[in-house]
Each structure stands twice: as structure tokens, then as C-alpha cells.
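Shown next, in C-alpha cells, is the structure this report addresses.
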Amino acid sequence: MLALSHSCRYFLYRSPTDMRFGIYSLAGLVRNELGFDPSSGDVFVFLSKRLKQIRLLQWDRDGFAMYIKKLEQGTFEWPKGKDIPITSQQLTLLLQGVMLDSVRLRKRYQHAN
């Protein structure tokens, strides 16, 4: 079961993805295109060309888990910018259909890494 938390890292694959791709094809994109280890436990996010489907890939201790959400109406929104890392909060808003441009967050303390 997928639980989005601040303790996990999330990475967005910035090109539209063929939604016929399975676990190993997506893991290949992570390794070859993003340069990350797909078995790291991080969550990798892929969006379809028409933005109607999203896939999340995660290594879950003993194997890969892939989560799919396909919209019957509407589309997902590409997060602005060119950043590959996204926050769990951004991913939650993306999955819920919130327009990310209209979200204004109040200032909060962030511990320096």
C-alpha cells in the first residue's frame, strides 16, 4: 500500500511516458535516463502524454510495487519548472487534481540539511 510521507524522496520523470510500459521498462528509465537506482526505495512518478494516467514505481523491500491512477475525466497537471525532485505534498496535490499554480503555502520552518 502506498503511503506518501516526508521521509521518502519523490522524483518526477519529466518526459511523457508510454503507459504500456511495465515495471522493468520504468525501472530502466529510472536507471538510464534519470541516473538513479530504482531499488533505492524512492518513488518515481511517470505521467502519460495526454496526462490522463499516472504511474508510481517504488522498490518495497522485496520487490517492485507499481501504482496506477487513470482518470475517467480531466487531466493531471505537469508541475512547473524542470526539477526532477518533488515533495510528498506536491505529489498529493497532483493526485487530488489541485492546480499547483493556484496553491499558496504559508511560511514554515525548514531544517537546513
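Things to note:
- Of the listed requirements (1) over 21 Å from Leu100 (Cβ atoms); (2) among the aliphatic types (A, V, I, L, M); (3) out of contact with any Gly (no Cβ under 9 Å at 6 or more places or on another chain); (4) surrounded by 12 or more Cβ atoms within 10 Å (Cβ to Cβ), Ala3 misses just one: (4).
- Inter-residue pairs, beta-carbon under 7 Å, first exposed (fewer than 14 other Cβ atoms within 10 Å of the Cβ) and in the stretch 16-27, second charged (D, E, K, R) and in a loop (DSSP other than H, G, I, E, B), 6+ apart: Pro16/Lys49
- Residue count for the stretch 81-109, restricted to those that are open to solvent by 70 Å² or more (accessible area, probe 1.4 Å) and over 30 Å from Ser39 (Cβ atoms): 9
- Of all residues making up the stretch 1-25, the number that are outside any loop (DSSP other than H, G, I, E, B) and in contact with a helix residue (DSSP H, G or I) (Cβ under 8 Å, 6 or more places away or on another chain): 2
- Meets criteria (buried (at least 17 other Cβ atoms within 10 Å of the Cβ), in contact (Cβ under 8 Å) with a residue 24 or more places away in the chain, outside any loop (DSSP other than H, G, I, E, B) and small (Gly, Ala, Ser)) for Ala65: no
- Residue in the stretch 82-98 that is touching a Phe, Trp or Tyr at 6+ places or on another chain (Cβ under 9 Å), part of a strand (DSSP E or B) and at pLDDT 90 or above present: yes
- Residues of the stretch 42-62 that turn out to be more than 14 Å from Thr17 (Cα to Cα), open to solvent by 20 Å² or more (accessible area, probe 1.4 Å) and part of a loop (DSSP other than H, G, I, E, B), as a count: 3
The values are calculated or read from the model by the stated rules, or taken from the named source; none is laboratory data. Predicted model only: the values in this text are computed from it and were never measured. Note that we place each Cβ from the backbone using ideal geometry, even for glycine, and neighbour counts take in every protein chain shown. Protein only, heavy atoms only, side chains kept; ligands, DNA and RNA dropped before computing areas. Shrake-Rupley method; radii C 1.70, N 1.55, O 1.52, S 1.80 Å.
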